[in-house]
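Before any comments, here is the structure.
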Amino acid sequence: MITWRGQTDAEFGFIQRLKDLGVDAEYEIFDAARDQNRLAGFLRQSRDKLKSKDLIYTFGTTATQTVKNFNPDGIPHLFNIVANPVGVGIAASHGSPAFGITGAKMALSPEVNIQLLEQLYPFKRIAVLFDPREDNSVSELDKITAVSEALGKEVLRLRLSPDARTSKLQIDSLTPQLQSADVIYVTAASSFIAYFDLLKQILPQDVVSMGSSTAYINEGITLAFGTEYRERGEAAADMAARILLDGVLPNDLPIDEIAANEATLYINTHHQAVPKLRLSRTNNPIVLK
């Protein structure tokens with residue numbers, strides 16, 4: 001089990017669900033601590049040890065991509081909490097993932113998110129926050145841009161590197177641009193979660209904001225569609241059981257996705273922009289946070 005920023009509810013849900021399914025697993029857990037070089041070093045030193053494993057579990061896009069590149073022996077590989085596995089090259093397609101990897105997708109597609117957002121709050125100008133150092137964030141930015149522009153929306157592509165030394169300069173630059181948008185979309189980036197205080201500083205409370213991940217719901221955004229981390233861990237465990245107990249190959253297991261009509265709408269009740277939302281327009285279950 002390789003985590004990117006320590007064990008989350010996704011891992012706790014995975015372990016408990018796998019136990020409930022009758023899998024008496026032994027775990028070796030390594031935390032990359034958001035350091036790709038640290039992870040690469042571990043994989044190089046552990047190549048022989050990894051060959052003895054029945055399954056590798058990875059959390060997040062960066063950890064999954066790195067392990068994929070260090071897995072020439074084709075050990076069954078299961079990912080979790082990856083927003084866009086096809087877009088970043090982890091999988092060939094959702095139905096036939098290939099590369100000996102499959103897993104549970106975390107986020108709805110950018111196309112679906114924009115459609116759901118438009119139902120709740122029609123907009124003309126959207127600001128998209130992304131971290132240029134994270135492939136997943138950039139891929140999502142490009143998708144959001146294409147979908148929004150096809151609908152005749154104006155898109156502001158705004159860079160944010162939360163752990164950079166220039167955070168003060170970033171805040172000063174981004175604030176007026178964010179304030180000028182009708183809505184703000186925060187792409188999936190581990191750096192945004194690790195430095196959530198910065199998001200709370202720069203996201204204006206009177207502008208509707210949407211996160212691609214439900215992990216942002218308590219970090220200053222207005223809303224997010226999706227599900228809880230623990231549920232994604234349980235979904236990944238169901239897939240792991242088929243690999244470990246039934247001998248199913250990852251290539252033959254379609255990626256587990258959240259259906260748009262089954263996604264929960266999470267609302268940050270403390271956000272000042274909530275009254276702007278037309279909640280009566282959604283058929284999705286609503287959870288108030």
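Things to note:
- Candidates L223, L253, L203: the one that is free of Cβ contacts under 8 Å to residues at least 40 places away in the same chain, open to solvent by less than 60 Å² (accessible area, probe 1.4 Å) and either among the hydrophobic types (A, V, I, L, M, F, W, C) or in contact with a Cys (Cβ under 7 Å, 6 or more places away or on another chain) (or both) is L203.
- Listed conditions (1) in contact with a Phe, Trp or Tyr (Cβ under 7 Å, 6 or more places away or on another chain); (2) within 26 Å of E257 (Cα to Cα); (3) outside any helix (DSSP H, G or I) are all met by R133, apart from (1).
- Being more than 24 Å from I81 (Cα to Cα), assigned to a helix (DSSP H, G or I) and in contact with a Leu (Cβ under 8 Å, 6 or more places away or on another chain) holds for only one residue in L178, L198, L169, and it is L178.
- Subset of the stretch 111-138 (residues that are touching a Lys or Arg at 6+ places or on another chain (Cβ under 6 Å) and open to solvent by less than 10 Å² (accessible area, probe 1.4 Å)): L120, I126, V128
- Look at (1) within 14 Å of Y57 (Cα to Cα); (2) of a type in the set (A, V, I, L, M); (3) touching a Pro at 6+ places or on another chain (Cβ under 8 Å); (4) open to solvent by 40 Å² or more (accessible area, probe 1.4 Å) and you find that L244 fails only one, number (3).
- The number of residues in the stretch 22-81 being touching a residue at least 60 places away in the same chain (Cβ under 8 Å) and in a loop (DSSP other than H, G, I, E, B) comes to 8.
- Every pair of residues 6+ apart whose Cβ atoms lie under 6 Å, when the first sits in the stretch 226-248 and is at pLDDT below 95 while the second is open to solvent by 70 Å² or more (accessible area, probe 1.4 Å): Y229/D9
- Residue in the stretch 256-265 that is in contact with a Pro (Cβ under 8 Å, 6 or more places away or on another chain), within 30 Å of G103 (Cα to Cα) and surrounded by 21 or more Cβ atoms within 10 Å (Cβ to Cβ) present: no
- Residue in the stretch 117-135 that is under 30 Å from S180 (Cα atoms) and of a type in the set (S, T, Y) present: yes
The values are calculated or read from the model by the stated rules, or taken from the named source; none is laboratory data. Here the structure is a predicted model, which means the values were calculated and not measured. Neighbour counts are summed over all protein chains in view; Cβ atoms, including those assigned to glycine, are modelled from backbone coordinates with ideal geometry. Heavy atoms of the whole protein, side chains included, go into the accessibility calculation; ligands, DNA and RNA do not. Shrake-Rupley method; radii C 1.70, N 1.55, O 1.52, S 1.80 Å.
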